[in-house]
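The values are calculated or read from the model by the stated rules, or taken from the named source; none is laboratory data. Keep in mind that what you see is a predicted model, and the values were worked out from it rather than measured. For neighbour counting, all protein chains shown are included, and Cβ atoms are generated from backbone atoms with ideal geometry for every residue, glycine included.
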Amino acid sequence: MWLPKRIAPQARTEVTIPALYVELQQIPDPRHARGKRHPLAAMLSVACVAMLCGYRSPYAIADWVQNYGQKYLSRFGFTRDSAPGQATWYRVLGQIDHGALETRLAHWAQQVRQVLATAVQLHGVSLDGKTLRGSKKQGARDTHLLSAVCQHLGLTLGQVAVDDKTNEIGAVLELLNLLVLEGCVVTTDALLTQRQVAQKVLDGDGDYVFVVKENQPTLYADIKLLFEMPPPLPRGQEWPQVTHYTKGHGRLEVRRLQATTALNDYLTWPGVQQVFRLERQVTRQGRTSTEIVYGLTSLSPARATPAQLLTFTREHWHIENRSHWVRDVTFDEDRAQVRRAQLPHVMAALRNASISLLRAAGVTNIAKALRFFAAQPDKALALVGLPA
């Protein structure tokens, strides 16, 4: 795969990434054969390339192919001399089965993760939800999306829509069905700390690191009591712990994580191997605030030290920094007001695919990359995997 030298990390090794274009060809076309003028894979490829060039909405995508894409029509796979009009983009993208689209994109993302897998044996996968605020204001349905993001790569591994009549708990099992969990450590917020979620992760040969709060009152009380009134230990022994300091911008943050196996035989939680206490202490302008969080994990002490557990809890929020923030700030997702049928979800899925392409290429500055591709669209076509 071509790698843009000006925006790629210097130390990154060039590897061959599975072509997204090949996966887009597998997405079922919901249209009837009669009257179909433009191949669906060609339209989806244009949408991804246009997004890589900074074009965000269906109208903008239509403008991109009119302004820059005429000479690329056959390369995309179009069989006519003219590109689709604006109305066609809205109609066709709004008809796509977003579930089928997400399944194919998840399959591609899993392949990319395997190609880019490093010597790290355990890969953190963050689960969290995000609402398409602009579309929701316009009355679109099921605008809350639950996604899974690979922490160290920033790839969106899967995404599902949360039905308006339920919450993330009702959608998380569907999301986990999209993922290859072997070698992964799933992290969530407290809402998704549920027994059925833990069991689903274990059934997929994965592991979990869950935060525990008052929505699980008995579990929370048991772990809290253990750390507040610990049993006596032999002299000179203490539970494993780690302390991490972060200082900058007038702010000092101290994180202390202490873990133990003392509740393994007592708790009935699926696969529990350790419980932990995480203390976060922040000092700013002479004022100090302290927060204490409890959690549990299926990772044994031999597989995950307190330092590693602390890393998983901290990097859980990469889903906000490396995915949700980029979608909102760089791709203007919250201001997008599309509401037709499946269109809000389809556009969000294509944004995720575009961001994942850039992350797979080693891009760290997404906005700079979009400017680069806007000036050199041939490079964007190559990144999607279109043949020269």
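Here are a few things to note about the model shown:
- Condition check for S323: touching a residue at least 40 places away in the same chain (Cβ under 8 Å) and over 24 Å from I223 (Cβ atoms): yes
- One residue from T297, T261 being modelled with pLDDT of 95 or more, touching a helix residue (DSSP H, G or I) at 6+ places or on another chain (Cβ under 8 Å), within 29 Å of K200 (Cβ to Cβ) and polar (S, T, N, Q): T297
- Residues of the range 360-369 satisfying the condition of being crowded, with 23+ Cβ neighbours inside 10 Å and either closer than 14 Å to L44 by Cβ or modelled with pLDDT of 95 or more (or both): A369
- Applying the criterion of being of a type in the set (S, T, Y) and under 19 Å from V180 (Cα atoms) to the residues of the range 123-164, the residue that is surrounded by the most Cβ atoms within 10 Å (Cβ to Cβ) is T156.
- For the range 180-214, the tally of residues that are among the charged types (D, E, K, R) and outside any helix (DSSP H, G or I) stands at 6.
- Subset of the range 215-257 that is β-branched (V, I, T) and assigned to a helix (DSSP H, G or I) - its residue that is farthest from L310 (Cα to Cα): T218
- When the range 165-179 is filtered for residues that are assigned to a helix (DSSP H, G or I) and surrounded by fewer than 18 Cβ atoms within 10 Å (Cβ to Cβ), the ones remaining, listed by number, are I169, G170, L173, E174, N177.
- Hey, G286 free of Cβ contacts under 8 Å to residues at least 24 places away in the same chain, farther than 21 Å from Q110 by Cα and not aromatic (F, W, Y) or not: yes
- Residues that are assigned to a helix (DSSP H, G or I), among the aromatic types (F, W, Y) and surrounded by 18 or more Cβ atoms within 10 Å (Cβ to Cβ), drawn from the range 296-342: F312
- Among residues of the range 10-35 being surrounded by 10 or more Cβ atoms within 10 Å (Cβ to Cβ) and modelled with pLDDT under 80, the one that is nearest to E102 (Cα to Cα) is V15.
- Count of the range 224-259 residues which are more than 34 Å from the chain's Cα centre (by Cα), over 18 Å from E291 (Cβ atoms) and exposed (fewer than 10 other Cβ atoms within 10 Å of the Cβ): 7
- Applying the criterion of being under 16 Å from the mean Cα position of the chain (by Cα) and of a type in the set (G, A, S) to the residues of the range 325-360, the residue that is farthest from A100 (Cα to Cα) is A360.
- Within the range 75-109, considering residues that are surrounded by 15 or more Cβ atoms within 10 Å (Cβ to Cβ) and aliphatic (A, V, I, L, M), the one modelled with the lowest pLDDT: A83
- Listed by first and then second residue, the pairs linking a residue in the range 365-377 that is touching a residue at least 24 places away in the same chain (Cβ under 8 Å) to a residue that is assigned to a helix (DSSP H, G or I) and among the charged types (D, E, K, R), with Cβ atoms under 7 Å apart and 6 or more places separating them unless they lie on different chains, are F373/K379.
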